[in-house]
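The values are calculated or read from the model by the stated rules, or taken from the named source; none is laboratory data. These numbers were taken from a predicted model, which means no experiment stands behind them. When we count neighbours, we look across all protein chains shown, and the Cβ atoms used for this are built from the backbone with ideal geometry, even at glycine.
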Amino acid sequence: MKKTLLSLALIASVLLCFAGCGQSSSKPTASSQSSASAEATATPSSQAANLSGHTLLVYCGAGMTQPFQEISDAFQNQTGCKMQVTYANAGQIQTQINTAKEGDLFIAGSSDELQPVKDVVTGSKNLVKHIPVLAVKSGNPLGINALADLTKSNVRVVLGDADSTPIGKISNKALTDLGILDKVNVVARTTTAPAIFNALTMDQCDAIIVWKENVTGNSVEIVKTGDLDKYVKTVPAASLSYNTDKDALSAFLAFLDTDSAKSIWTKYGYELL
């Protein structure tokens, strides 16, 4: 009898041991739950960042070539998304969008430039300020202190094309508002903002109206005048209805909001909103 009771007790002890082990393995610990949760969270974000095989076709104003190329290169290196960027003046880009009927994004010199393609713009976000300035040769040898001084007989002026460039339209507007457009000796008009700057540095003129970033850090001088303050614009990123890769476009628009992208804009003389 004692042997029988001892055997039954031993069997019961073994069964309890197995039961205890089963409960321990079926219930995850707090640390394992935390690890699983972190893994689940990390996986989608890492997948979203991998855009290899994706491509975005972007149009950008020629005057913004340097900063935007650096921004698009950074995004491509970070995500693997191929960035195909076309740089041209606003008129050329508007024509290409309406003719080719393709593209994902338009980085324009101002929101005004979206009007000719408004039917295919599905959304727009402002990126940075676009500030027009009056610039002259270093040392300001002709004593040009305001737009009114551009009417002096010995002052040669180069402006942007008034039909195809935002800065050309702004120049015309500012000079017309002052009633002096027909009194200014405009020796040439160019189709891009960088070409306006080049005309001044190559001594083809004495003064220009151009975007601030095109002359910042260069061997010319910005005239301290408030004549152009009310003509400040913003650079918009306009999404186009031809876009078919929503993931890539959304990722790039989000990248434009990052400190990394903003620091590139400011490095090239742009001011944040």
- Counted residues in segment 154-176 being more than 13 Å from TYR231 (Cα to Cα) and surrounded by fewer than 18 Cβ atoms within 10 Å (Cβ to Cβ) come to 3
- Select from segment 124-145 the residues that are touching an Asp or Glu at 6+ places or on another chain (Cβ under 7 Å) and charged (D, E, K, R) and write down the one among them that is nearest to GLU213 (Cα to Cα). LYS129
- Query: Which condition number does GLY91 fail, the rest of (1) in contact with a strand residue (DSSP E or B) (Cβ under 9 Å, 6 or more places away or on another chain); (2) under 21 Å from LEU57 (Cβ atoms); (3) surrounded by fewer than 19 Cβ atoms within 10 Å (Cβ to Cβ) being met?
  - Reply: (1)
- Which members of segment 253-268 meet the condition of being over 16 Å from GLN69 (Cβ atoms) and either outside any helix (DSSP H, G or I) or at pLDDT below 95 (or both)? ASP257, THR258
- Out of all the residues in segment 177-189, is one or more within 14 Å of GLY63 (Cβ to Cβ), of a type in the set (A, V, I, L, M, F, W, C) and crowded, with 18+ Cβ neighbours inside 10 Å? no
- Across segment 178-193, what is the total count of residues that are farther than 22 Å from LYS224 by Cβ and out of contact with any strand residue (DSSP E or B) (no Cβ under 9 Å at 6 or more places or on another chain)? 4
- Task: Determine which member of the set LYS267, LYS224, LYS246 is in the same structural domain as VAL120 (by TED's automatic domain parsing) and under 26 Å from PRO194 (Cα atoms).
- Result: LYS267
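Results for (1) in contact with a Gly (Cβ under 7 Å, 6 or more places away or on another chain); (2) among the small types (Gly, Ala, Ser), shown as yes or no for each residue.
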residue: ILE167; (1), (2): yes, no
residue: THR176; (1), (2): no, no
residue: LEU181; (1), (2): no, no
residue: ALA193; (1), (2): yes, yes
residue: LEU200; (1), (2): no, no
residue: ASP245; (1), (2): no, no
residue: ALA254; (1), (2): no, yes
residue: SER260; (1), (2): no, yes
residue: SER263; (1), (2): no, yes
- Message: As an exercise: evaluate ILE144 against (1) crowded, with 16+ Cβ neighbours inside 10 Å; (2) in a loop (DSSP other than H, G, I, E, B); (3) within 32 Å of the chain's Cα centre (by Cα) and give the number of the one condition it does not meet.
- Response: (3)
- Message: Just to be sure I understand the filter: pairs with C-beta atoms under 8 Å, separated by 6 or more residues or on different chains, first member in segment 171-184 and at pLDDT 95 or above, second member in a helix (DSSP H, G or I) and of a type in the set (Phe, Trp, Tyr). Which pairs pass?
- Response: LYS173/TYR231; ALA174/TYR231
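Any residue in segment 113-130 that is in a loop (DSSP other than H, G, I, E, B) and not basic (Lys, Arg)?
No, the conditions are met nowhere in segment 113-130.
Yes or no, residue by residue, for (1) loosely packed, with under 10 Cβ neighbours inside 10 Å; (2) modelled with pLDDT under 50:
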position: LEU5; (1), (2): yes, yes
position: SER32; (1), (2): no, yes
position: SER35; (1), (2): no, yes
position: THR43; (1), (2): no, yes
position: LEU56; (1), (2): no, no
position: THR65; (1), (2): no, no
position: CYS81; (1), (2): no, no
position: THR95; (1), (2): no, no
